[in-house]
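Here the structure is laid out as structure tokens; the discussion comes afterwards.
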Amino acid sequence: MTESKDITTETWDLEISPKTGFLKFDFKEIWRYRDLLLLFIKRDFIAQYKQTVLGPLWHLIQPILTTIMFLLVFGRIAKIPTDGINPILFYITGITFWNYFTTCFTGTSNTFIANASIFGKVYFPRLVTPLATIASSLIRFGIQFLLLVAAMVWFSFKGEPLYFSLNWLLLIPLLILLAGTALGMGIIVSSLTTKYRDFQVLLSFGLQLLMYGTPVVYSLSYINTMKFAWLVKLNPLTPLMEGFRYALFGKGMVTTELLLYSTGFMLVTLFVGLALFNKVEKSFMDTV
Amino acid sequence: MSDIVIKVENISKQYRLGKVGTGTLSHDINRWWHTIRGKEDPYLKIGEVNDRTTKGNSEYVWALRDINFNVRQGEVLGIIGKNGAGKSTLLKILSRTTSPTTGSVKARGRVASLLEVGTGFHPELTGRENIFMNGAILGMTRREIKSKFDEIVDFSGVEKYIDTPVKRYSSGMYVRLAFAVAAHLEPEILIVDEVLAVGDAEFQKKALGKMKDVSQGQGRTVLFVSHNMAAIKNLCTNGMIMTNGTCTFSGEINTAIDRYLKPNDENRQVQGIIEWPKGEQPGGDEVKLTSIRLLNEVNEVAHSFYTSSSITLEINYEILREVSGSRIVLQLLDKNGVVAFASTNHLSDGERKDRGFYSTTCIIPENLLNKGRYEIFLHIGIPGIKMLLKSQSFLSFDTILMGNQGSNFDENWTGVVAPRLQWKTIKMIRN
């Protein structure tokens, strides 16, 4: 059954071999699976609140309750100033953006483990799943952002200045930076956890620690003179959080250099992440 | 001519046994150290043949070793082999859920794999939503699914529940819906693993029919793994036998199945022949058994039989002292130890026998036994006078249900036997 000579027409649609180029990303293939991407986004979003009465309203309840808690603990008890911004707006901003980062990060970081049963049975570009996580979290982010806008409008009636300005356009590149960093870090962790679960354990409390190392409940200007301030400044998420507040309220310590630093960090993590992901996705089923 | 659509060259797959721990980390580091210096992976040189029954010494095992084959356009290749022979690993590599350790696979056309039905079904989503979800995972576009949606729902027969979350479905409905989606895939190459073993008899028949349509009617290339010989025989044109991670036979399907069903040394539990050397022959002063054989319809020793063909039991023995009125009694027990039937040669063959070697045969007719394993107990005696050979189990054999009751798939049929009886229906004319 092997006699046929097909040397002349050695064109194959698919080649499977043990090794591929370290950085061979098939973005065209992902585009071919765009319908799947959309369905995953829909599934992630819908499935989360099926059989709940309040449904997507839970997206609002969580930041509201957290804001109240922050208001009590950091505002009233610890008395940390909020850079002249209304503390409620300050905390909702911090929570909304930080939430987006953490949901993206944790969501993408268990890509392989959570989807092992599907990945083990059928092939599709694996990158579709973390991309869907990023996108479905964006919907959630949008809802929480509307809450923030509503709160800003509400407080403008109470005498606060109304902050809307062209600076808001900055939010888009900042959000892309935030999502890119979360995606990069997430897929790095997901690639490493296929074999060594240690990273998963680290992640569960590491994110909590990271929040305190990022200006979420305080502003950079408040700790700028303190000894450990360099540590917070080293955090590539710091310019992003400060940037969000700058775009929204015009207050925040952010410079082009700092943003370039964050951009550089995002590019490196994304690059390393994609390279690792590319390598691991081929045979992770054997070790997961 | 160039109609080869899948070309598999030297595929091997190595697995590491045991748990992931500090040991694996040190191996990983060592492997990485070798690769950055441009050397060969040190663990590829070791590794044992994949045989799960013997405990190996090496931590590494070759699940597949140097597999080579080509599949032609429109060919339906059945891959057969025992559990752990590497069939599923091979399919996993072909469907790209894992990569081979060495070797390469080349394919032409869209490949879709059905290693399981209902991959990606989300319990919270409705049947409708899951059809789209599952279809997309299997590689269909939204438009393709939309155009086939009605057909899929119709095939599954769960129309009434299509807007209910699938977690409320019975397991049968779930599987029907899942298979319906899978059956409407239209890839050039389809890889199927044992998915027909789902649903009730009616649905299995439907599923098998659909598979047949896909492979024969539409000229698609199909790779099919199953333990269901009836289905394989029915569907496939070619067969490949896998044994311990290597391909031991490849060729025409009937030859492949016959070869696979023939006894071999590894399969001691069921065997088609037993021979005793002198001195170990069971029996007494009057009679000693020399050998017992089970033969199929073409007089070959076998240990697996289709229920649609007869089985010949051949008992060879030596009479040491003249006996008369003796009989051989055959008892056939099913796997639960229930006597399916007992039979004797007393009526046909009960007269006096003088010294010498004898061979007695008994034909178990076709369309009598059910699917499963049977054990042969024999005893020889002169009724009411003397036991010449104590009743004991000698051989076991397996039967594969094939067409007894008219269906052409692996249907479960109750009873220790499944005889084909005389049935007749006439239409009554009423005034």
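A compact table of results
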{"read-out": "Cα-based helix-to-principal-axis angle, A:87-109 vs chain A, degrees rounded to 10", "value": "10"}
{"read-out": "Highest-MSF residue in chain B out of B:Trp33, B:Trp413, B:Trp276 [GNM, Cα springs under 10 Å]", "value": "B:Trp33"}
{"read-out": "For A:Asp44, net neighbour charge (Lys/Arg +1, Asp/Glu -1) across residues whose Cβ lies under 13 Å away", "value": "+2"}
{"read-out": "Cβ-based charge dipole, the range A:30-286, positive-most Cα from A:Phe265, A:Val149, A:Ile64", "value": "A:Ile64"}
{"read-out": "Low-density loop positions, chymotrypsin sites (Phe, Trp or Tyr not before Pro), the range A:54-101 - DSSP coil, at most 12 other Cβ in 10 Å", "value": "none"}
{"read-out": "Trypsin sites (Lys or Arg not before Pro) restricted to the range A:42-145 and DSSP loop, no more than 11 other C-beta within 10 Å", "value": "A:Lys79"}
{"read-out": "Amide hydrogen neighbours beyond the local backbone of B:Glu252, cut-off 5 Å, H modeled", "value": "B:Gly239"}
{"read-out": "If the convex hull is drawn through the Cα atoms of the range B:305-351, its volume per residue in Å³", "value": "116"}
{"read-out": "Cβ-placed point charges (K, R +1; D, E -1), dipole of the range A:30-286 about Cα centre in debye, nearest 20", "value": "360"}
{"read-out": "Largest-first principal axis extents, alpha carbons of the protein assembly as shown, Å", "value": "121, 85, 60"}
{"read-out": "Furthest towards positive pole of dipole, B:Ser104, B:Thr243, B:Leu17, structure part the protein assembly as shown, Cβ charges", "value": "B:Leu17"}
{"read-out": "Whole-angstrom Cα spans of chain A along principal axes, big to small", "value": "86, 47, 38"}
{"read-out": "Inter-label distance for B:Ile382 and B:Thr312, nm, one decimal - labels placed 7 Å from Cα along Cα-to-Cβ", "value": "3.1"}
{"read-out": "In degrees, nearest ten, helix A:238-249 long axis to first principal axis of chain A (Cα)", "value": "60"}
{"read-out": "Beta bridges per DSSP with both ends in the range B:273-400, % antiparallel, nearest 5", "value": "95"}
{"read-out": "P(r) histogram, all alpha-carbon pairs of chain B included - 10 Å bins from 0, percent", "value": "4, 17, 21, 22, 18, 11, 6, 2, 0, 0"}
{"read-out": "Nearest-ten-degree value, helix A:34-48 long axis tilted from longest Cα axis of chain A", "value": "50"}
{"read-out": "Loop GluC sites (Glu not before Pro), the range B:325-376, which have at most 13 other Cβ atoms in a 10 Å radius of their Cβ (DSSP)", "value": "B:Glu351"}
{"read-out": "Exposed GluC sites (Glu not before Pro) absent - longest run of chain A, DSSP non-H/G/I/E/B, at most 11 other C-beta within 10 Å", "value": "A:11-288"}
{"read-out": "Length released on extending from A:Asp26 to A:Ala150, taking residue separation times 0.36 nm less the Cα-Cα span", "value": "40.5 nm"}
{"read-out": "The range A:123-154-the range B:218-236 distance, computed between alpha-carbon centres (Å)", "value": "46"}
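Any read-out appearing in this document is the output of simple, stated calculations on the displayed coordinates, not a laboratory observation. Note that the structure is predicted; figures quoted are calculated from it, not measured. Using ideal geometry, Cβ is built from the backbone for each residue, glycine included, and neighbour counts are taken over all protein chains shown.
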